[in-house]
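Bear in mind these aren't lab numbers, they're just calculated from the coordinates by the rules spelled out. Computed from a predicted structure; not experimentally measured. Here the Cβ positions follow ideal geometry from the backbone for every residue, glycine too, while neighbour counts run over all protein chains shown.
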Amino acid sequence: MGIVIADSVLESTIGSTRDCAELFRGSSVIKVVGGISPFFSYREQLAMCRTLLRNGDLIGLKLYTGHEQLFCTDELLQPVYDLAAEFSVPVLFHTGWDNAQYAAPPVMRELAQRRPQNRLVYCHCFYPAAAQCFEILGGCENVFFDISSVADDPGKIPQIQTALEAAMQNMPHRILFGSDFGSCSQRAHLDFAAALHLTAAQRENLMFRNACAVYRIADSFSGNEKSGCA
């Protein structure tokens, strides 16, 4: 199975929420996370996402903090968090790279403490500062980590690999494979994951089970998440 993450604009060459939901509707192997932005047609986007969530066309919502100049703690985003909590789906965030301050680990920790009822997925692990994100957010049991983009630069892989292997030991149920395919090489990410020093159980968690639990796409894997921030 795979998860497609839609863009946050209503007309997108890489796939809007509406387009992705329509394209993969009824698929047994492809699920969709909807992108959403508060900067245009916000009320209409919220209504559309509500309908798509109610119909089972979406399994999560993503905010592009950093791509858009918006802190994850901004009160403007409360309707997104409320909607996600109502339908028990995770909220994903773009992190790291340029303009990283909008979802920096201390800011995300504040959000996790404020919103224990939400599952929060920290995409890209604050690239390239993966060790920092794991250290600061490790105590937040409602924050999960998507490793998409972390294999983008071969020169940064050794330090990220060390941090990720340690994190898999400490929180084996909170890290999810991702590739950011289309922007980064999917093959590079698959090779990176294969090279990690993990047990068979940890590798299965990373590549499949954790995503099933976080996105609740298989009932038998839905019991790993917790809430709150220690």
Note the angle between two axes, namely the Cα long axis of helix 186-195 and the longest principal axis of the Cα atoms of the chain, as a number of degrees from 0 to 90, rounded to the nearest 10.
-> 40 degrees
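With charges only on Cβ, +1 for K and R and -1 for D and E, what is the dipole size of the chain about its Cα centre, in debye, rounded to 20? It would help to have the intermediate numbers written out before the result.
On the way: 18 positive and 24 negative charges, 108 e Å.
For this selection, approximately 520 debye.
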Directionally averaged shadow of the chain, computed from the convex hull of its alpha-carbon atoms, nm² = 11.3 nm²
Segment 1-45 and segment 129-169 have their Cα centres apart by a whole-number Å value of 26 Å
Debye intensity ratio I(q)/I(0), log10, segment 51-121, q values 0.21 Å⁻¹ (C-alpha model) = -0.86
Calculated log₁₀ intensity ratio I(q)/I(0) where the Debye formula runs over C-alpha points of segment 20-82, q = 0.11, 0.15, 0.21 Å⁻¹ = -0.26, -0.48, -0.86
Using only Cα atoms, tell me the angle between helix 42-54 and the longest principal axis of the chain; keep it within 0 to 90° and round to the nearest 10.
-> 70 degrees
Counting chymotrypsin sites (Phe, Trp or Tyr not before Pro) as exposed when in a DSSP loop with at most 15 other beta carbons within 10 Å, what is the longest stretch of the chain free of them?
-> 98-230
